[in-house]
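To start, the structure under review is shown below, and the notes come after it.
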Amino acid sequence: MKIGFFQNRNGRGSILLISCLLLGSAAIRVGSEAGKAVATESPVPVAMAENRPPTNLEEPVDRDGISEMLKAFQAREERIARLERQIEVRQKALEVADKEIEKRLSTLQQAEESLRSMLAIADTAAEDDLATLTSVYENMKPKDAAPLFEEMEPEFAAGFLGRMRPDAAAAIMAGLSPQAAYTISVILAGRNAQVPKG
């Protein structure tokens, strides 16, 4: 007949039960002792406690350390002052360069305007000269103008004939040799063919 869960024929169940009770008791003791040890330990780590500022005002101050720190600050301040001076010098140089560039740009703009006006005058003068010469050829007798056109380069002659009144140009063409008249006609026709048609 069985008396308990842990009991068997050899009595091993009792030994197992006693062993479990002893182990549980030991664990409870260790836990309570560890709690006391944790409670009595200082909450501030030792390293932090060592780095705390001295509470005694009569302790000596590290004057060498402060002196070195002041020297480092002075050296840094001198470097910053040097850099500021260099920046000021560069800024002044840039301002001078900007003024010089503005002056040169103004000079270039004036030169460009002068050149444009000269080109306009030259174009106008050339156009006036061509108009005058064309008028002279138009007013010449065709029999007198034809030999001149015969001697001209065909492109040059075609340029004048193209600017003339049609009746004056036709009278001069009639006085040209067939070869010269044909060449000038081909040039005039080619120019008119290249004009865009609307």
* Asked: Taking only pairs six or more apart or across chains, which ones have beta-carbon atoms under 8 Å, a first residue in segment 110-135 that is surrounded by 10 or more Cβ atoms within 10 Å (Cβ to Cβ), and a second residue that is of a type in the set (A, V, I, L, M) and outside any helix (DSSP H, G or I)?
  -> T134/M164
* Structure fact -> Scanning segment 140-174 residue by residue, the ones that are touching a residue at least 24 places away in the same chain (Cβ under 8 Å), small (G, A, S) and exposed (fewer than 15 other Cβ atoms within 10 Å of the Cβ) total 2
* Give segment 177-190 a look and list any residue that's part of a helix (DSSP H, G or I) and not hydrophobic (A, V, I, L, M, F, W, C), or say none. => P178, Q179, Y182, T183, S185, G190
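No value in this document is a laboratory result; all are computed from the given coordinates. Note that the structure is predicted; figures quoted are calculated from it, not measured. Backbone-built Cβ (ideal geometry, glycine too); neighbour counts: all protein chains shown.
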